[in-house]
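What follows is a single structure, written as structure tokens, with notes after it.
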Amino acid sequence: MNNSNLPNIYIGGDHASYKIRESIEKHLYNSGYIVFNLGCHSTAPANYATYSLKVATKVHEDPNSLGIVICGSGIGVNIAANKVKGIKSSLVFTNNMAEKARINKSNIIALGSRFLNENQISKFVDTFLQNKTFNEVQSIDEQYMDIDFTKKVDFSGTNNHNDSTDKLTQKTAELEDLSTDDIQNSKIMN
């Protein structure tokens, strides 16, 4: 029952998410998605970061895909997923957050199996997958989300916290002076 217009879905998480991932995988398959469950595949203790990074890497390699990462709280898998370049993972614990995650161009959602029940998780996943991203012109504040500040700030030659803070403040001030058109036409956007 595959719909080729739907994105591939990569799902993964630790042992705390095993049963709920099996259920979500079946639900998504029945909805026409191609789902890749990247593990873990049992309730034996497993490291959440391993599976979150697997999902994030696959979503990065397959740009038209989306990902779902689940652990006990959702926090650990969210942090790990965001370590992968090009990934925007959002921790979701309300339906409104699931909607806003897609609007704000998240390509992965992180969920906590110890804080959410199966019905909530299914609803949040459906909301995330059915919403579109915000493609209109964004405000300057929203565009800061797409700038990799770590590549723009040169911390070399600094030997204390104040020097680093001063350089970051200077670079931030330079960015604030840019107009929306300057940012859209520059190479600082992803």
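Among (1) crowded, with 21+ Cβ neighbours inside 10 Å; (2) touching an Asp or Glu at 6+ places or on another chain (Cβ under 7 Å); (3) in a loop (DSSP other than H, G, I, E, B), where does Ser106 come up short?
(2)
Which count do you get for residues in the stretch 101-117 that are among the charged types (D, E, K, R) and at pLDDT 95 or above?
Step one: filter the stretch 101-117 for residues among the charged types (D, E, K, R), giving 102, 105, 114.
Then keep just the ones that are at pLDDT 95 or above; that gives 114.
Total meeting the criteria: 1.
Look through Gly12, Gly32, Gly86, Gly67 and report the one residue that is modelled with pLDDT of 95 or more, surrounded by fewer than 17 Cβ atoms within 10 Å (Cβ to Cβ) and not in a helix (DSSP H, G or I). Walk me through it before giving the result.
Details: Gly12 fails: surrounded by fewer than 17 Cβ atoms within 10 Å (Cβ to Cβ); Gly86 fails: modelled with pLDDT of 95 or more; Gly67 fails: surrounded by fewer than 17 Cβ atoms within 10 Å (Cβ to Cβ).
Matching residue, one of Gly12, Gly32, Gly86, Gly67: Gly32.
Against the definition (surrounded by 15 or more Cβ atoms within 10 Å (Cβ to Cβ), without any contact (Cβ under 8 Å) to a residue 24 or more places away in the chain and at negative phi), how does Lys26 come out, yes or no?
Details: surrounded by 15 or more Cβ atoms within 10 Å (Cβ to Cβ): no; without any contact (Cβ under 8 Å) to a residue 24 or more places away in the chain: yes; at negative phi: yes.
Taking the combined requirement at face value, the residue does not satisfy it.
May I ask you to say which residue of Ser23, Ser4, Ser31, Ser42 is of a type in the set (S, T, N, Q) and either within 18 Å of the chain's Cα centre (by Cα) or not assigned by TED's automatic domain parsing to the domain that holds Ile79 (or both)? Give the steps one after another, and end with the answer.
Details: Ser23 fails: either within 18 Å of the chain's Cα centre (by Cα) or not assigned by TED's automatic domain parsing to the domain that holds Ile79 (or both); Ser31 fails: either within 18 Å of the chain's Cα centre (by Cα) or not assigned by TED's automatic domain parsing to the domain that holds Ile79 (or both); Ser42 fails: either within 18 Å of the chain's Cα centre (by Cα) or not assigned by TED's automatic domain parsing to the domain that holds Ile79 (or both).
The match here is Ser4.
The values are calculated or read from the model by the stated rules, or taken from the named source; none is laboratory data. Fair warning: this is a prediction, and the values are worked out from it, not measured in the lab. For neighbour counting, all protein chains shown are included, and Cβ atoms are generated from backbone atoms with ideal geometry for every residue, glycine included.
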